[in-house]
Amino acid sequence: MDVLMLSRLQFAFATFIHFIFVPLTLGLSLIVAVMETKYVRTGDETYKRMAKFWGKLFLINFALGVVTGITLEFQFGTNWSRYSEFVGDIFGSLLAIEATAAFFLESTFIAVWVFGWEKLSPKLHAVCIWLVAFAANLSALWILLANGFMQHPVGYVIRNGRAELSSFLEVVTNPYGWNEFFHTVTGAWALGGFFVVGVSSIHLLRKSNVDFFTKSFRVGAAFALIFSIVVALVGHRQGNIVAEVQPAKLAAMESHWETQKNAPMYLLAVPDPANEGNSIQIGRIPSILSLMAFNDPSAEVKGLKDFPKEDRPPVTLTFSAFRLMVGLGTLMLVLAVLAFIARHHPAESSPKLLKAFIWTIPVPYIALQAGWAVAEVGRQPWIVYGIMRTRDAVSTLAVEQVAISLVAFFVVYILLAALDIFLLAKYARKDPA
Amino acid sequence: MDLGTTWFILWGVLWAIYFVLDGFDFGIGIIRPFFSKSDVETRIMYNAMGPFWDGNEVWLITAGGVTFAAFPKTYAVMFSSLYTPLMLLLFALILRGVTLEFRSKVDSEGWRKLWDACNFLGSFLPALLLGVAFANIFKGVPIDGNGILQGNLLTLLNPYGLAGGLLFVALFAHHGALWLAFKSEGDIRARALGLAGKLWPVVAVLVVLFLVMSWTMTQLFTNYLVNPILFAILLVPVIGLILTYTYRKQGRPLASWVGSALLIGGAALFGVVGIFPALLPSSLNPAYSMTIENSSSTPLTLSIMLGVALVFVPIVIIYQVWTLHTFRHPVTKEDLEYEEAY
């Protein structure tokens, strides 16, 4: 393997592991903020205990999100130096703004929140967790505007051999980035809801602390239902944007080979990129791809064959990841409705249902990761869509250097992720204080 | 002053702030195995940095981000040519970060020992690596015309680089001992002040040694000789070195810590001013150096980022100082019973 492939694997792996921790941070910070606000408003101590219990799980998760995030920022320089040089004028400033305007806020106030229960008034203390939730989600916005530039570059001119900023306003109002932001955070908020529903179900199944976990379950179920719906709607809009600005990605998502009007979709399809087609396609639904992509059943959808081979993303991976995301997203909707129906007396639900809620904690995680695989694999072969190829972006490094660091990433990150899951499971099962 | 120079100064100041702030976290981690006599003392040491270390680390992310935003080519060349030390630094920081969160989560002696070892490694290695890296930056690294490092990790472990590494370890250990004294009381406070007293001569000797080596082995003094007024900058670390000594003798750990902060920040700025207008000098050929001129972003980006920095950095400083004020009390045994304590 060469430096390019090793660097891609390293970045992909580091991002995937980082993104195990990020969505729960985004979702749970908001949920804890809602719980603590209820405590401040009603004076009901249960909500304070809830904020502490869920806050502890939040913190175990948060620490790893922070430390795995730093490596991502630095990898642009270490492994993708040509990319950094090429887009630094735009991309670098978005990352720098994220750190100054958002991440400082989050990191400083989470510590104040943790250590400040007895030092601050209840109101001020609740403000701290709101600041954390706000800052975490604001961080996501800046990061996704940066990613939005890679997906759909705007507000730049190519000058002096690099992409130079021509309009900051266009960069920060990039519709691609904003929609990606809403799609990601609503997915993360739903994930937070499912996490709370699932962990509450562990305790409800044992009939322990029923009042505490019923209240928690109710907050979680509301988050899960509302945002499972919103994430799907925003996702549909995301599909429209992709159809418009990244037609090759759309074609790969659907393994759609021939340009045609009234483009169909197949319930089951197996891509066969070597023969530029699908080896199996069953369950044809006419015009539905045109309708989903362009909100018009007769719209023309460009097929992969109309793109030069070197401009096509890896079809099988993009296609499978997209199907996985949509399938799990649909499952989330069903589960969220069930949780919402059960929300008043979840302890009286059938043990099977409660067990199902426990076992589906990973579902939104996999859906979100699959969604990111669609976004990033589908962007290939470009690192900045249409203007810079991934292969032209990598640093000049010795193969051994990258091979060693990749192995180190694998070992350290897998250990950390395993430890984190072990600790989360341990503290999730504990009785609240 | 033009935009490029303004950003150069901001760049140096951000790195200096990072060293001053995370320096005491590293320092506590470095002295802990030699200082702590019990689990209670170890926990007091961790909790002395408890509410701060996370916010401190963000200064590194900001310094890195600003290098990326304001001087993208420097960012690209510096980070790729320092690949291995940077990776080591990142892994060390990961260990340091998770230690604090994980250590108290499982009640087992072996578990705590494991994380204590990780915390030491995660504090000592960054101190050493940052020292080695910055000394090499001050001296110049062998980058060629394509921004590729002609050498490897061993190239960086030259006498001057190692002197920089040792200097950082000593500076941070001293800095951490003073912070610990500020955040503790009774016996621990007295012993921490005592340790700082023992470390001070080591720091002083290494500072002098580093200055002598800078004079003989690097071009750092060229700017100073051309503009003798710049020697005033060198007064900052020297005054810091004296103040930290005087205030410690008076038993005022926070004031002494501020002196140490001036010493660390001043030392960083001394080097940064010395390499101006380069951010990463090439030891092969001055024409290959990464400078303000050949590596900066467009004036548009620099202006926008300057606006962002002028608004947000003061806000960050205000709320971080507020945090410091809120948690200024010494950590006591009772504090360790607080359920969220590390």
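Scoring A:287-300, B:286-299 by mean Cβ neighbours within 10 Å over their residues and listing the highest first yields B:286-299, A:287-300. How far is helix B:109-139 tilted, in degrees, relative to the longest principal axis of the Cα atoms in chain B, given as a value from 0 to 90 rounded to the nearest 10? Helix B:109-139 and the main axis of chain B meet at about 20 degrees.
To the nearest ten degrees, helix B:253-275 and the longest principal axis of the Cα atoms of chain B are 20 degrees apart. When the other protein chains are added to the chain by itself, burial of at least 50 square angstrom of heavy-atom accessible area (probe 1.4 Å, ligands and nucleic acids ignored) affects these residues of the range A:79-106: A:Glu85, A:Asp89, A:Ala96, A:Thr100, A:Phe104.
Dipole check for the protein assembly as shown: with +1 at the C-beta of Lys and Arg, -1 at the C-beta of Asp and Glu, and the Cα centre as origin, the magnitude is about 1440 Debye. For B:Lys183, a cut-off of 13 angstrom between C-alpha atoms picks up these aspartates and glutamates, skipping any fewer than 8 places away in its own chain: B:Asp25, B:Glu41, B:Asp335. Net charge dipole, the range A:187-283: roughly 680 debye, given to the nearest 20, about the Cα centre with Cβ charges of +1 for Lys and Arg and -1 for Asp and Glu. By the rule of a C-alpha distance below 16 Å, with chain neighbours fewer than 8 residues away ignored, the lysines paired with A:Lys261 are A:Lys302, A:Lys305. The alpha-carbon of B:Lys73 sits under 22 angstrom from the alpha-carbons of these lysines, leaving out residues fewer than 8 places away in its chain: B:Lys139. Per residue, chain A exposes 37 Å² of solvent-accessible protein surface, assessed with a 1.4 angstrom probe and all protein chains in place. Buried accessible surface for the B/A pair, both sides summed and rounded to the nearest 100, is 6000 Å² with a 1.4 Å probe.
Do any of A:Lys56/B:Lys113; A:Lys119/B:Lys105; A:Lys38/A:Lys119; A:Lys52/B:Lys37 go past 28 Å between their Cα atoms, and which? Don't skip to the answer; put the middle values down first.
Working: A:Lys56/B:Lys113 23 Å; A:Lys119/B:Lys105 23 Å; A:Lys38/A:Lys119 20 Å; A:Lys52/B:Lys37 32 Å.
Pairs exceeding 28 Å: A:Lys52/B:Lys37.
Rolling a 1.4 Å probe across the protein heavy atoms gives the range B:164-257 an accessible surface of 46 Å² per residue.
With a ≥ b ≥ c taken as the square roots of the eigenvalues of the C-alpha gyration tensor of the protein assembly as shown, please select rounded if a/c is under 1.5 and otherwise prolate if a/b is larger than b/c or oblate if it is not? It comes out oblate by the Cα gyration axes. Each Lys and Arg contributes +1 and each Asp and Glu -1, all at the Cβ; summed about the Cα centre of chain A, the dipole is approximately 1440 debye. In the range B:296-316, comparing the full protein assembly with the chain on its own, the residues that lose 30 Å² or more of accessible surface at a 1.4 Å probe are B:Thr298, B:Leu300, B:Thr301, B:Ile304, B:Met305, B:Val308, B:Phe312, B:Val316.
Inter-chain neighbour count for B:92-100: the average number of beta-carbon atoms from partner chains within 10 Å of each residue's beta-carbon is 4. Taking the 0 to 90 degree range and rounding to the nearest ten, how far is the long axis of helix A:399-429 tilted relative to the main principal axis of chain A, both from C-alpha atoms? It is inclined by approximately 30 degrees. Sorting the segments A:88-98, A:167-177, A:144-154 by their mean number of nearby beta carbons within 10 angstrom, highest to lowest, gives A:88-98, A:144-154, A:167-177. Just the protein heavy atoms count here, and of the accessible area of the range B:3-337 at 1.4 Å, carbon and sulfur take up 71 percent.
Hey, any idea what % of chain A's accessible area is carbon plus sulfur with a 1.4 Å probe? Let's see the in-between values first.
Numbers: 10910 of 16230 Å².
Carbon and sulfur: 67 percent of the exposed surface of chain A.
Averaged over peptide A:64-74, the number of partner chain Cβ atoms lying within 10 Å of each residue's Cβ comes to 6.
Per residue, the accessible area of the range B:1-84 comes to 21 Å², computed with a 1.4 Å probe over protein heavy atoms only. Accessible area of B:Lys105 (1.4 Å probe, protein heavy atoms only, ligands and nucleic acids ignored): about 20 Å².
Just add up the charged neighbours of B:Thr62: K/R +1, D/E -1, any other residue whose Cβ is under 11 Å from the Cβ of B:Thr62. Computed value for this residue: -3.
The values are calculated or read from the model by the stated rules, or taken from the named source; none is laboratory data. Small disclaimer: the values here were computed from a predicted structure and weren't measured. Don't worry about glycine lacking a Cβ; one is built from the backbone with ideal geometry, like all the others, and counts go over all protein chains shown. Quick note on the areas: whole protein, heavy atoms, side chains included, nothing else; ligands and nucleic acids left out. Shrake-Rupley method; radii C 1.70, N 1.55, O 1.52, S 1.80 Å.
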